[in-house]
Each structure stands twice: as C-alpha cells, then as structure tokens.
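Since the structure comes first, as structure tokens, the remarks are kept for the end.
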Amino acid sequence: MRARILVSGATGFLGGALVSCLIQNGYEVIPLTRVPLPGAVLWNPEKNFLESSPLLDNLEACIHLAGDPLTLGRWSPAKKRSIFRSRVVGTQLLARSLKVRSFISASAIGYYGDRGEEILTEQSPPGSGFLSSVCKAWEEASCVLEDKGVHVAQMRFGVILDAEGGMLQRLLPMYRLGLGAVIGDGSQWVSWISRSDLVRAILFVLERKLMGPINAVSPHAVRQKELSQELARWVHRPHWLKVPAWAIRALLSTMGEEMLLASARVEPSVLLNNGFTFVFPTLTKGVLTHYDGSS
C-alpha cells in the first residue's frame, strides 16, 4: 500500500511540482482544496471547515503549503490580516483535526527579520516586524502536534526561483524591457532556492523524518545587486537603474521595507548536516529550468 500524503496548496507554483515529485516517488497524494475535485479533500480554514472524508484515514503525512500570496504592493490592514490568518488559522485547523505521522509546514525566512550581515542558522532567534510575527505564530500553530508524537518540521523557505512562477514570473518581463534595478544600495542579502531543489528538500525532510525548523535556502545567498545583475545578464539586457530606499519606503511601506530592503543571510545548516545535496547551490541560469521531475 502506498503511503498517503495530504498536500495543501497542491495546485500552486510549488505545490504542483511537489505533487508530481511525490507521485513519481510512489506516494498517493490527496490534495486539500477549496473547491470540490475528484480525489481531493475540501476545506475552508476561514470558516473552520475540514471535510470528513475517508481519504484522511491512515495518513502518513501532511505537507502544508497554503497561504495568501505575499503580493508586491502596499499591504493594507486587510491584506495583512489575510496574510496572517491564511497561515495561522489554516495551520491550527489542520493541527487539531488530522491524525498523521508527520507534519511538514511551510514557513519563511521572514522569521529572521532584517539582520544585516549576520549569518543566520536555525538556532538564530526571531527578528522583529510584521513578517517575523507571522512566521512565529505560523510555526507555533504546528508545534502542538509534537505533544501527540508527530514528527513536525517547519521549513523556512527563501525566495523561490523558477521562471514558471513566483518572483521571477513577475520580474523577468521587467528585466526583458531593460527595467531591472538595484534596490536601495543593493547590499542586502537575498537568500534563495531553486524550485527544483526545494521540491527535493521537502521530499528529503519527509523521508528522513527531520524535525524542527529547517532553512530551505541555497548555501550561497547573494546580494540584491548581484541577483539583479544576473537576471539582466540572463535576458541579455542592460542593467543601470537604481531605486533609492526612500522611494521604496514611500511607495510600498511595510512590504517594501520587509521584502525588498531587508537583509537575511540564511544558511541551510540542518539540510547540509543531514547530507542533502543541492543541484543548484549557486546562482546559474539552470535555476530557471522548469521542474520536470527528473532532478
């Protein structure tokens, strides 16, 4: 009998690639969806609803990826509430409702806040700011499962790079027009991971039953100006624009401060110490390759 894995966010940019990988590795995948689909379980965390379904019987694990996207734009109070509730309330619902052996929840390196040149590992304390508070509550929501003997892991995702979606899908059209830019002074650290490596890392955590916080980032963070220059080079366009920090703060407020100007130099200590190998440890054009399940 194939091990049964429940996946939230299964149809998204990351979830779709993960589901393909799990199926290719012999798992039975049960998507958790907001609309009725064959072979899926219905839920609505805002209404505290999780369908009672035999598909939830004998679950090996739940991989919880769902959350309101962190859109590039000024965050209104309503958007902040949505970001917070979609992560924390949904995780609380699953944590109290499911019977699983393992629970892997997405988190984010926003946990660390703006830390300048400090090298950050899983043992580093949380930072301050809105995203840090979201990540702390998000991770705490799944910790209750530890008292039930569940293997719980919180994977702190860095910026996910792949041309098929996520940040690059929004940025590459601008870079193709020659509008790539250094943000602020460009010295802030960007901790990133290719989508294919992230999919492999989730599978690695599942099969090794790793627990606790896990930084899901490449071992080689880059400065924002280096990332921007590399993107321009990939699409064969000039790179000369600069956007001052004051303009980012004026236009985008909290979002700009915490997502574009903050610096987080994060290391994947747990993954490396447990023998995980990255296909894309450094920033090369290969990270743009669409995930095909072969890596």
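Some values worked out for this structure:
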quantity	calculated
Within the stretch 60-86, tally of residues that are crowded, with 19+ Cβ neighbours inside 10 Å and over 16 Å from M255 (Cβ atoms)	6
Residue check, V89 touching a residue at least 24 places away in the same chain (Cβ under 8 Å), open to solvent by 20 Å² or more (accessible area, probe 1.4 Å) and touching a helix residue (DSSP H, G or I) at 6+ places or on another chain (Cβ under 8 Å)	yes
Of all residues making up the stretch 115-133, the number that are among the acidic types (D, E) and either farther than 29 Å from K285 by Cβ or free of Cβ contacts under 8 Å to residues at least 40 places away in the same chain (or both)	2
Per-region count, the stretch 4-31, residues without any contact (Cβ under 8 Å) to a residue 40 or more places away in the chain and either touching a strand residue (DSSP E or B) at 6+ places or on another chain (Cβ under 9 Å) or open to solvent by 40 Å² or more (accessible area, probe 1.4 Å) (or both)	8
Flag if V29 is out of contact with any Lys or Arg (no Cβ under 9 Å at 6 or more places or on another chain), within 20 Å of E164 (Cβ to Cβ) and either polar (S, T, N, Q) or modelled with pLDDT of 95 or more (or both)	no
Criterion: open to solvent by 10 Å² or more (accessible area, probe 1.4 Å) and either of a type outside the set (V, I, T) or in a loop (DSSP other than H, G, I, E, B) (or both) - qualifying residue of A201, A247, A232	A247
Looking only at the stretch 171-189, and only at residues there that are under 17 Å from K285 (Cα atoms) and open to solvent by 20 Å² or more (accessible area, probe 1.4 Å), the one that is farthest from the chain's Cα centre (by Cα)	R176
Exclusive hit being part of a strand (DSSP E or B) and of a type outside the set (F, W, Y), set S107, S128, S124	S107
Restricting the stretch 113-135 to residues that are open to solvent by 50 Å² or more (accessible area, probe 1.4 Å) and of a type in the set (D, E), the residue that is nearest to the chain's Cα centre (by Cα)	D114
Sole residue being in contact with a strand residue (DSSP E or B) (Cβ under 7 Å, 6 or more places away or on another chain) and of a type in the set (F, W, Y), chosen from W234, W189, W246	W189
Given (1) at pLDDT 90 or above; (2) outside any helix (DSSP H, G or I); (3) open to solvent by 30 Å² or more (accessible area, probe 1.4 Å), number of the condition S263 does not satisfy	(3)
Pairs where the first residue, in the stretch 134-154, is closer than 15 Å to V100 by Cα and the second is in a helix (DSSP H, G or I) and open to solvent by 20 Å² or more (accessible area, probe 1.4 Å), C-beta under 8 Å, 6+ apart	V144/R96; V152/C143; V152/E146
Strands (runs of 3 or more DSSP E) fully within the stretch 146-187 counting 3 or more residues that are farther than 17 Å from R237 by Cβ and aliphatic (A, V, I, L, M)	151-157, 159-161
Of residues in the stretch 92-112 being of a type in the set (S, T, Y) and farther than 16 Å from L65 by Cβ, the one surrounded by the fewest Cβ atoms within 10 Å (Cβ to Cβ)	S97
Candidates T282, T277, filtered to the one that is assigned to a loop (DSSP other than H, G, I, E, B) and free of Cβ contacts under 8 Å to residues at least 40 places away in the same chain	T277
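The values are calculated or read from the model by the stated rules, or taken from the named source; none is laboratory data. Note that the coordinates shown come from a computational prediction; the quantities given were computed from them, not determined experimentally. Methodologically, a virtual Cβ is constructed for each residue, glycine included, from the backbone with ideal geometry; neighbour enumeration extends over all protein chains shown. Ligands, DNA and RNA are stripped out before the accessible areas are found, and what is left, the full protein with its side chains, is counted by its heavy atoms. Shrake-Rupley method; radii C 1.70, N 1.55, O 1.52, S 1.80 Å.
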